[in-house]
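Beneath this line is the structure, given in C-alpha cells, with notes to follow.
The values are calculated or read from the model by the stated rules, or taken from the named source; none is laboratory data. Quick caveat, the model's predicted, so the values are computed rather than measured. Please note: Cβ atoms are built from the backbone with ideal geometry, for glycine as well, and neighbour counts cover all protein chains shown. Areas reflect the complete protein model, heavy atoms only, side chains present, ligands, DNA and RNA absent. Shrake-Rupley method; radii C 1.70, N 1.55, O 1.52, S 1.80 Å.
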Amino acid sequence: MHLVKGAMVGILHVVPTGILWRFARRYVAGASLDEAVRVVRDLNGQGFLATLDILGEHVSTEAEARADGAAYAEVLRTIRRQNLTCNISVKPTHMGLKLGRDLCLELFRRLTAEAQRLGNFVRLDMEDSNCTDATLDLYRTLRREMPGVGVVLQAYLRRSQKDAKRLAEEGANVRVCKGIYREPAAIAFRGREEIRKEFITLLEILMGAGCYVGIATHDDWVIEKARGLVARLGIPRDRYEFQMLLGVRPQLRDRIRGEGERLRVYVPFGEKWRAYCLRRFRENPQILRHVLRALLRPGS
Ligand code: FDA
C-alpha cells in the first residue's frame, strides 16, 4: 500500500500544472492577492469569516522570508482597504524560523504591529513537532507585546493537554485542529477515536477557562461533541468559532453557518500553490483520495 501511495505521489510530480490546478483550484484561491480578495469577499457576502494564508512555508533564504513578510503586511492593509472580515494565518517557517529565531521574531513583530495598527489579528499556524516549542515560544513573546495574536494546538500530539493547560491559564486565543503532519507514535496519537477524544478534551480545557477557541475540523463527530460542550459549559457564541479549509465540505460549512454559528474559512493563495499541493500530498498521502476524486469528477 505504501509503495502504491509512494508511486502515486511520484506521479503527481509530473502531472502538468494545468491538470494539477483542476484539483487545486478548489482548495486554493488563486496565485494572486486579487484572486484571494475575490474569494474572501464572496465568502464574507455569504456570512463567513475568513483567514488568508500565503503559500510558501519553509523558506530557504532571509530575502525570501523578508519579501513574504512584506507581502503579508500588504495583505493586512488590503483587508482593511477592502473592508473584509478576515485575518491572517502565518507559518513560522515561512517567516524564517529555520533560518533563525531572531529573524522570525523580527518579521512576526512587524506583522503583529501592523495588525494591531489596523485592528486585525495574526494566527501562528502550527507545523511539525520540530517547530512546536519554538512556535509556542514565539507566540508567548508576541502575546506579551500585543493582544491580537493566537496560536494552534494539534490534538494528535501527546503533549497538547499540557500545552492547553498552560495556554488556558494565559487566556490564549487558540485554534484546535487534529494535526496534519506525520509524527512518530512516541509523541503522537495514531487512532482516530483517540485523536477525536483528545480534540474535545483540549476544547474543554480551553473553553472551560474562558479562552477564545477556533474549532478547526470537518469531522461531524467532533463538531457535534464540540457543540454539546459549548451548550454544557454555556459558552456564548462570541467566544468561539468553527473553522474549515476552503473547498472542504462546503455543504457542512453552509449548514453550520445556517445554524447561526460563526465559521471562518481558511483561504490559501499564492504563486507557490503547486509546491504546496505536492508537499501536502507527501506529508499526508490520505489527501490523494481527495485528489483522485477531484480529478475523476472535475467540477465536483
Ligand atoms: P478528518 O481528517 O477526519 O476529516 C473529516 C472529513 O472531512 C473527511 O472524511 C473528509 O470528508 C473531509 N476532509 C478533511 N480534510 C479534507 C481535505 N483536505 N480535502 C477534502 N476533504 C477533506 N493542521 C496543522 O497541523 N496545523 C495547523 O495550523 C492547521 N490549521 C488548520 C486550520 C483550519 C481552519 C483547518 C480546518 C485545519 C487545519 N489543520 C492544521 C489541518 C487539520 O489538522 C486536519 O489535518 C484537517 O482539518 C483534517 O482533519 P479533520 O478534523 O477535518 O478530520
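Can you say whether Thr112 is within 16 Å of the ligand (Cβ to nearest atom) and either out of contact with any strand residue (DSSP E or B) (no Cβ under 8 Å at 6 or more places or on another chain) or assigned by TED's automatic domain parsing to the domain that holds Arg192 (or both), as far as the supplied structure shows?
On the way: within 16 Å of the ligand (Cβ to nearest atom): no; either out of contact with any strand residue (DSSP E or B) (no Cβ under 8 Å at 6 or more places or on another chain) or assigned by TED's automatic domain parsing to the domain that holds Arg192 (or both): yes.
No, not satisfied.
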Criterion first (more than 26 Å from Arg101 (Cβ to Cβ), touching a strand residue (DSSP E or B) at 6+ places or on another chain (Cβ under 6 Å) and assigned by TED's automatic domain parsing to the domain that holds Phe108) does Ile195 satisfy it? no
Among (1) aliphatic (A, V, I, L, M); (2) loosely packed, with under 14 Cβ neighbours inside 10 Å; (3) within 19 Å of the chain's Cα centre (by Cα), which single condition is Ala24 missing? (2)
Filtering region 88-119 for residues that are part of a helix (DSSP H, G or I), over 14 Å from Thr141 (Cβ atoms) and either in contact with a helix residue (DSSP H, G or I) (Cβ under 8 Å, 6 or more places away or on another chain) or open to solvent by less than 10 Å² (accessible area, probe 1.4 Å) (or both) leaves a count of 5
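For a quick check of your reading: which strands (runs of 3 or more DSSP E) sit entirely within region 120-206 and have at least 3 residues that are on the phi > 0 side of the Ramachandran plot, within 9 Å of the ligand (Cβ to nearest atom) and surrounded by fewer than 22 Cβ atoms within 10 Å (Cβ to Cβ)? Please lay out each step first, then the result.
Numbers: elements: 122-124, 149-154, 174-177.
In region 120-206, no matching strands (runs of 3 or more DSSP E) lie anywhere.
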Report yes if Asp163 is of a type in the set (Asp, Glu) and more than 30 Å from Gln82 (Cα to Cα), otherwise no. yes
Tell me whether region 74-81 contains one or more residues that are closer than 29 Å to Gly258 by Cα, touching a His at 6+ places or on another chain (Cβ under 9 Å) and not β-branched (Val, Ile, Thr). no
Return yes when Ser32 is among the hydroxyl-bearing types (Ser, Thr, Tyr), open to solvent by 20 Å² or more (accessible area, probe 1.4 Å) and within 26 Å of Leu157 (Cβ to Cβ) and no when it is not. no
Of the residues in region 239-275, those that are among the charged types (D, E, K, R) and modelled with pLDDT of 95 or more come to Arg239, Glu241, Arg253, Asp254, Arg255, Arg257, Glu259, Glu261, Arg262, Arg264
Residue by residue through region 228-251, note down the ones that are buried (at least 17 other Cβ atoms within 10 Å of the Cβ) and outside any strand (DSSP E or B). Leu229, Val230, Ile235, Leu246, Gly247
Those residues of region 207-227 which are within 12 Å of Lys178 (Cβ to Cβ) and in a helix (DSSP H, G or I), in sequence order: Trp221, Val222
